[in-house]
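All remarks here apply to the structure that follows.
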Amino acid sequence: MSKPIAEDTFLFLKKDFELPELAEKLDEKQAILLLSKAISQLLDRDFERLLQICYRIDLGEEKLKKILHESAPDQVSLDLATALWERQKLKVEIRRRYS
């Protein structure tokens, strides 16, 4: 049986955002919160790297701009984490469908 989509999605994002290796399984909500903390640090310390990751994951320039300019300041990292999660999850689903 194949791994849950959330697990594969986390594995793809883990490398880019240097997320910790986890013993327990995360649900999507927990994974997005963890991702949001990593994004928050990048927003503060290495915005250029965050942009590079967003482009590599193929988030889409319009979506990225919308989040950066329209989200409430305390909501940016969570909105970005959610968008990146959804994009990566879609890529996992497409790979599974056509493999």
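Values quoted throughout were computed directly from the atomic coordinates according to the rules given, and no laboratory measurement underlies them. Being a predicted model, the structure only gives us computed values, none of them experimental. Because the Cβ atoms are built from the backbone with ideal geometry, glycine has one as well, and the counts that use them run over all protein chains shown.
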Ile67: touching a residue at least 12 places away in the same chain (Cβ under 8 Å) and farther than 21 Å from Lys14 by Cα, yes or no? yes
Pairs, first at positive phi in region 7-31, second outside any loop (DSSP other than H, G, I, E, B), C-beta under 8 Å, six or more apart: Glu18/Ala38
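Table: residues versus (1) assigned to a loop (DSSP other than H, G, I, E, B); (2) within 10 Å of the chain's Cα centre (by Cα); (3) of a type in the set (Gly, Ala, Ser); (4) more than 20 Å from Gln75 (Cβ to Cβ).
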{"position": "Lys15", "(1), (2), (3), (4)": "no, no, no, yes"}
{"position": "Leu35", "(1), (2), (3), (4)": "no, yes, no, no"}
{"position": "Leu43", "(1), (2), (3), (4)": "no, no, no, no"}
{"position": "Leu50", "(1), (2), (3), (4)": "no, no, no, no"}
{"position": "Tyr55", "(1), (2), (3), (4)": "no, no, no, yes"}
So which of Tyr98, Tyr55 ends up being free of Cβ contacts under 8 Å to residues at least 12 places away in the same chain, among the hydroxyl-bearing types (Ser, Thr, Tyr) and touching an Asp or Glu at 6+ places or on another chain (Cβ under 9 Å)? Tyr55
Kindly establish whether Ile53 is among the β-branched types (Val, Ile, Thr), in contact with a Leu (Cβ under 6 Å, 6 or more places away or on another chain) and surrounded by 15 or more Cβ atoms within 10 Å (Cβ to Cβ). no
